[in-house]
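For reference, the structure discussed in these notes is given below.
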Amino acid sequence: MSGLTINKEKCVGCGLCVKGCAAKALKVENKKVVVNDNCVLCGICVDSCPFGAIRIEKEPNGPSDLSAYRGIWIFAEQRDGQVLDVAFELLCKGRELADSKGCQLTALLMGSNLSDKTGELISHGADRVLLCEDALLNDQTEECYSELIAHLIQKEKPDIVLFGATGFGRSLAPRVAARVRTGLTADCTVLEINPETGFLEQTRPAFGGNLMATIICPNHRPQMATVRPGVMPATEPSLTHKGDIIRVHMPKAVSPLVELLQNIQSGTVESIADAQIIVSVGKGIGSQKNMTLVRELAALIGGSVGVTRPLVDAGWCEYKNQIGQTGCAVAPKLLIACGISGAIQHLAGIGGAKTIIAINNDPDAPIFSVAHYAVVGDCVEILKELISALKE
Ligand code: FAD
């Protein structure tokens, strides 16, 4: 059991720990400190005791041998037999992580009639595909998928497992993490291996997006994370890459508590998440009237319109066009960012863009640190010139 222990021989009843305890969990009785149920194991009292009389005993529930865990796994989510783009984005990141750790990259493919989809996972970098075809996996029932994935993790002991932060991935990944008793970092925007510790450094926006937090999972395995679609780029397939296909099976019959009666498709809302070209604008566009210029340029080059959050808040554009942490993550081939400062909450949505051209009148605007081409100038004037040049 985890808990706070007081060494009665070392404790002198000075009360320093009592003063520092925000949870009001400590008091001095008969010149010795005693702890009550309010204790949240924050550890402040441990640091404040000059006599080393207080300790936190932690339950050793992590695996004893972390080195037994090897390999990077990604969950290749499919819908109606089509592998989702986020799976290829995870494969690209997974390949990079596997190369830096010198281990294999494995894709998990689950559902029915999927054997012709294994090739595309291998050509995108997988060394192995664990393929399970079972009628139980036809509906996206988390209970069946989590039973299977947790069983495979316990059997094969991967070091890292990544999921796409789709609706299903967000629901499935925590169930798997809880079953295998490990941690999970949601909505990561950066994943890197620390060369010294070998730990997966999982970076994500924290505190309302006001700072980026890097999270590690030092004592439990596997290290698990989700990544939103479009946040990380996918690479082109390589037909020379070879891999193995290994068939796996449901460990036992699962009777899901929830029965899917019918799948009702919601109306199709045009999404900028799939757009190949985006003309994106921020407050630097100056006025709602100038949005016509943005739409005109987008139409001329066959692109969609993206905006920053303040423009949605101002009612200049619809929420479905918002890019960023609380909007859409996009991965276009070309993104033209006009009058956008490059706040971290916005950058969280454009990590997958292949080429970024940023136009801003401030040469020090943070957007330039992620742009491939930087144009310093008035975006309204540049938009007008671009439109007239294209029309000619
Ligand atoms: P500003 O930061 O005001 O930048 C305007 C830029 O335009 C400046 O760099 C300026 O130099 C330039 N400029 C001005 N005039 C011109 C001109 N004539 N020509 C060229 N350049 C010009 N924001 C998002 O976008 N998406 C999100 O999903 C999102 N989620 C958020 C979630 C939370 C919890 C929080 C707290 C904030 C979120 N934000 C989000 C807001 C974010 O913090 C920024 O405030 C926002 O991205 C800034 O938008 P902007 O770049 O349009 O405006």
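The values are calculated or read from the model by the stated rules, or taken from the named source; none is laboratory data. Predicted, not measured: the structure shown is a model, and the values here were computed from it. Note that we place each Cβ from the backbone using ideal geometry, even for glycine, and neighbour counts take in every protein chain shown. When the accessible area is computed, the model is the full protein with side chains, heavy atoms only, and any ligands, DNA or RNA have been set aside. Shrake-Rupley method; radii C 1.70, N 1.55, O 1.52, S 1.80 Å.
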Pairs returned, first residue in segment 13-32 that is modelled with pLDDT under 95, second residue that is among the polar types (S, T, N, Q) and not in a helix (DSSP H, G or I), beta-carbon separation under 6 angstrom, 6 or more apart or interchain, are ALA23/ASN38; LYS24/ASN38; ALA25/ASN36; ALA25/ASN38
Take the residues in segment 316-332 that are touching a strand residue (DSSP E or B) at 6+ places or on another chain (Cβ under 7 Å) and of a type outside the set (A, V, I, L, M, F, W, C); name whichever of them is surrounded by the most Cβ atoms within 10 Å (Cβ to Cβ).
PRO332
Test: residue in segment 127-137 that is among the basic types (Lys, Arg) and under 22 Å from the mean Cα position of the chain (by Cα)
no
Of the numbered conditions (1) in contact (Cβ under 8 Å) with a residue 40 or more places away in the chain; (2) within 18 Å of GLY303 (Cβ to Cβ); (3) more than 11 Å from the ligand (Cβ to nearest atom), ALA329 fails exactly one; give the number of that condition.
(3)
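Conditions tested, residue by residue: (1) farther than 20 Å from ILE272 by Cα; (2) open to solvent by 70 Å² or more (accessible area, probe 1.4 Å); (3) within 13 Å of the ligand (Cβ to nearest atom).
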| position | (1), (2), (3) |
| --- | --- |
| LEU334 | no, no, no |
| ALA337 | no, no, yes |
| GLN345 | no, no, yes |
| ILE356 | no, no, no |
| PRO363 | yes, yes, yes |
Has segment 63-74 got any residue that is in contact with a strand residue (DSSP E or B) (Cβ under 6 Å, 6 or more places away or on another chain), of a type in the set (Ser, Thr, Tyr) and loosely packed, with under 15 Cβ neighbours inside 10 Å?
no
Do you know which residues across segment 300-326 are out of contact with any Cys (no Cβ under 6 Å at 6 or more places or on another chain), closer than 18 Å to GLN288 by Cβ and more than 7 Å from the ligand (Cβ to nearest atom)?
VAL305, GLY306, VAL312, ASP313, ALA314, GLY315, TRP316, CYS317, GLU318, TYR319, LYS320, ASN321
Scan segment 288-315 for residues that are open to solvent by less than 20 Å² (accessible area, probe 1.4 Å) and in contact (Cβ under 8 Å) with a residue 60 or more places away in the chain and jot them down.
VAL294, LEU297
Flagged pairs (Cβ under 9 angstrom, 6 or more apart or on separate chains; first in segment 339-361, on the phi < 0 side of the Ramachandran plot; second part of a loop (DSSP other than H, G, I, E, B) and among the acidic types (Asp, Glu)) are SER341/ASP362; ALA348/ASP187; ILE359/ASP378; ASN361/ASP378
Pairs with Cβ under 9 Å, 6+ apart, first in segment 372-389 and in a helix (DSSP H, G or I), second near the ligand (Cβ under 9 Å from one of its atoms) and open to solvent by 60 Å² or more (accessible area, probe 1.4 Å)
CYS379/ASN361
Any residue in segment 305-315 that is out of contact with any strand residue (DSSP E or B) (no Cβ under 9 Å at 6 or more places or on another chain), more than 17 Å from ILE359 (Cα to Cα), in a loop (DSSP other than H, G, I, E, B) and not β-branched (Val, Ile, Thr)?
yes
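Look through segment 254-287, keep the residues that are within 14 Å of the ligand (Cβ to nearest atom) and over 29 Å from the mean Cα position of the chain (by Cα), and return whichever of them is surrounded by the fewest Cβ atoms within 10 Å (Cβ to Cβ). So that I can check it myself, show each step before the final result.
We begin by selecting, within segment 254-287, every residue within 14 Å of the ligand (Cβ to nearest atom); these are 272-273, 278-287.
This time we only want the ones that are over 29 Å from the mean Cα position of the chain (by Cα), so: 284-287.
Values: GLY284: 21, ILE285: 22, GLY286: 13, SER287: 9.
The qualifying residue surrounded by the fewest Cβ atoms within 10 Å (Cβ to Cβ) is SER287.
Yes/no per residue for (1) basic (Lys, Arg); (2) crowded, with 16+ Cβ neighbours inside 10 Å; (3) touching a strand residue (DSSP E or B) at 6+ places or on another chain (Cβ under 7 Å):
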residue	(1), (2), (3)
LEU191	no, yes, yes
LEU200	no, yes, yes
THR203	no, yes, yes
ALA206	no, no, yes
PRO218	no, no, no
ALA225	no, yes, yes
ARG228	yes, yes, no
MET232	no, yes, no
